[in-house]
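The values are calculated or read from the model by the stated rules, or taken from the named source; none is laboratory data. Treat the numbers as computed from the prediction; the structure is a model and nothing was measured. Here the Cβ positions follow ideal geometry from the backbone for every residue, glycine too, while neighbour counts run over all protein chains shown. Accessible surface is based on the protein model in full, side chains and every heavy atom, while ligands, DNA and RNA are left aside. Shrake-Rupley method; radii C 1.70, N 1.55, O 1.52, S 1.80 Å.
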Amino acid sequence: MADPTAASTVAKSLSTRAIAAATVGNALEFYDFITYAFFAIQIGHAFFPRTSAYGSLMLSLATFGAGFLTRPIGGLVLGSYADRVGRRAAMMLSFTMMGCAIVTMAVIPPYSVIGIAAPIIAVIARMVQGFSLGGEVGPTTAYLLEAAPLKSRGLAVSWQAASQGLAATTGAGIGVALSALLPAAALDAYGWRVAFLLGAVTIPFGLWVRKGMPETLHDAEPHAVSHSQEGGLAAIRQNGRIIVLALITLAGGTISTYVFDYMTTYAQDTLHLSATVGFAAGALGNLAGVAAVLWGGSLSDRIGRRPVMVWPTLIYLVAIYPMFLWIVSSGSSLVFLGANILFGFISSVSSGAFYAALAESLPKRIRGRAFATIYATSISTFGGTTQFVITWLLHLTGNPMAPAWYLLIATAASTVAMYLILESAPAQVAPEALVLEAEAALVP
C-alpha cells in the first residue's frame, strides 16, 4: 500500500517547485522592466540631446512610459492565449519577448553616435517590453493560484507581488554597487548598460526553469468561490463589480509603486542626495516590501483577505503626509533611508491578499486574460504617467512635497475600493473545500 504521507509530500513538492519556477521567471521579467526607472537620468543622457537636465529627464521618463502603452494589448493577447492554450505556453512566450527587448536596450548606441535613431529604437524596445510584461502577470498569477493548495493560496499568489519587489530590490542593489564602484561619468556612459546586460544573461536560466513547469489550465477547479459558466461579454458583465474595484485598487497601488521607484531620482534631482543613497533607499524599501507582502499573503490565508487589505492601507494613508514632511524637512540621508524602509513595508502588506482576492473572484475560464487586462490597464494608465507627472509637478510648483499630494489622493481611492471587495479566502467562505482537499491528498 502506498504511503499517504509520502503522496502528500510529493504533491506539496511539485506545487512548491511549480510556484518557484513561476516566481523566478516573473522576477526576471520585472527586473528587466523596472531597471529602466532606476537609471532614468543616465538613460536620458544617452538617448536624448542634452539641451537641459530637465528636458533629457522628461524625455527619458516619457520613453519609460511608452512601455506602458502596449501592456493592455499584451495582457489581452497573451492572457487570452493562456486561457486557451495554457499558462506555461503564455509565460514562455512573454519571457522570450522580454529577453529580446532587454538585449536591444543594452546595446543601442547613444544619441551622439546615431542621432534620432537612438530614442526611436529605445521606444520600440520599451513597447515590446510592455507587451510581454502585460501578458506575464495574468498567466503567472492564475498559475500561482491554481498550483497552490487551497489553504496557502494567499501566500502562493503573494509571490507575484514579492517577485516584483525582489526584482526592484535587485535592480536598486545593482545600482548601489555600480554607483559606488564607478565614477559618475562612467555610470553615465556605460554603467547603466551593465545593469541591463546582467538581466539579459539570466534569460536562458528563466526559460529552462519554466520549461519544466506542469500545466494547470485543465486541472479541476476547487469550488472555493462559486462562478457562473457564462463566457465572453456575459462573464465580463457578471464580474463587473470586482473588475471596477480592482481597477481602482490597482490604480492606487501602481501610483504608490512608481512613486517609490522614483525615489532614486527624487533623492538625486530634488533632495540633492548622492546616487548611492537613492539606490540604497530603493533596495532597502523594496526588500521591506517583499517581507511585508509575503507576511500579508500568509496572514490572509488565516484571517481572510479583507482585513489584510483594508487595515494596513488605512495606516499607510495616514502616514503618507507626515513621512514625506519628515523626509523633506530633515534633508538627512538616514531619514530618507528609514522612511523608505517604513513606506516599503506598510504599503505592501495588503498586496498579496489583494492579488489572491482578485484571482479567486475571477472564473478560471477568463482568469488569465481578465487579470492581465485589469492589471495592465491600471498600470499603463497610471504607472506610465506617475513619474512623468511627479517630475512635472515638482518643476511647476518647486515644492518637494508634490509627490505626497499625488500619493494621498490615489491611496484614498484605493482604500475605499479595497473595503468594497468581497471576502474570497477559502478558510472564510468554503472551509469544507479545505477538508476535502486535505482528504484527497491522503488518498494512496
If one compares the long axis through the Cα atoms of helix 53-69 with the longest principal axis of the Cα atoms of the chain, the angle in degrees, nearest 10, works out at 20
How far is it, in nm, from the label point at residue 408 to the one at residue 395 when both lie 7 Å from their Cα along the line to the Cβ?
2.5
Ranked by GNM mean-square fluctuation in the chain (Cα springs under 10 Å), the top entry among 291, 177, 234 is 234
With an 8 Å cut-off on Cα pairs and a minimum separation of 6 or more residues, tell me the relative contact order of the chain in percent.
28
Express the accessible area of the chain per residue in Å², computed with a 1.4 Å probe while the remaining protein chains stay in the model.
38
Rank 360, 215, 29 by mean-square fluctuation in a GNM of the chain with C-alpha springs under 10 angstrom and give only the top-ranked residue.
215
With +1 at each Lys and Arg Cβ and -1 at each Asp and Glu Cβ, the charge dipole magnitude of the chain around its Cα centre, to the nearest 20 debye, comes out at 380
Karplus-derived 3J(HN,Hα) from phi for the stretch 243-259 (6.51 cos²θ - 1.76 cosθ + 1.60, θ = phi - 60°), whole Hz, x at Gly and Pro, runs 5, 5, 5, 5, 4, 5, 4, 5, 4, x, x, 5, 4, 4, 4, 7, 5
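Given axes a ≥ b ≥ c from the Cα gyration tensor, I'd like to know whether the stretch 85-185 is rounded (a/c under 1.5), prolate (a/b larger than b/c) or oblate.
Working: a/c = 4.13, a/b = 1.65, b/c = 2.51.
In terms of gyration-tensor shape, oblate.
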222 nm mean residue ellipticity, helices alone, for the chain (DSSP H n ≥ 4; -39,500 (n - 2.57); rounded to 500)
-27000 deg cm²/dmol
Using the crude model of +1 on Lys and Arg Cβ and -1 on Asp and Glu Cβ, and no other charge, please compute the dipole size for the stretch 287-426 relative to its Cα centre, in debye to 20.
420
Cα axis of helix 275-303 to longest principal axis of the chain: angle in degrees, 0 to 90, nearest 10?
20
Angle check, please: helix 431-441 long axis (alpha carbons) against the longest principal axis of the chain (alpha carbons), in degrees 0 to 90, nearest 10.
80
Karplus-derived HN-Hα couplings along the stretch 336-342 (A = 6.51, B = -1.76, C = 1.60, θ = phi - 60°), whole Hz, x at Gly and Pro:
4, 5, x, 5, 5, 5, 5
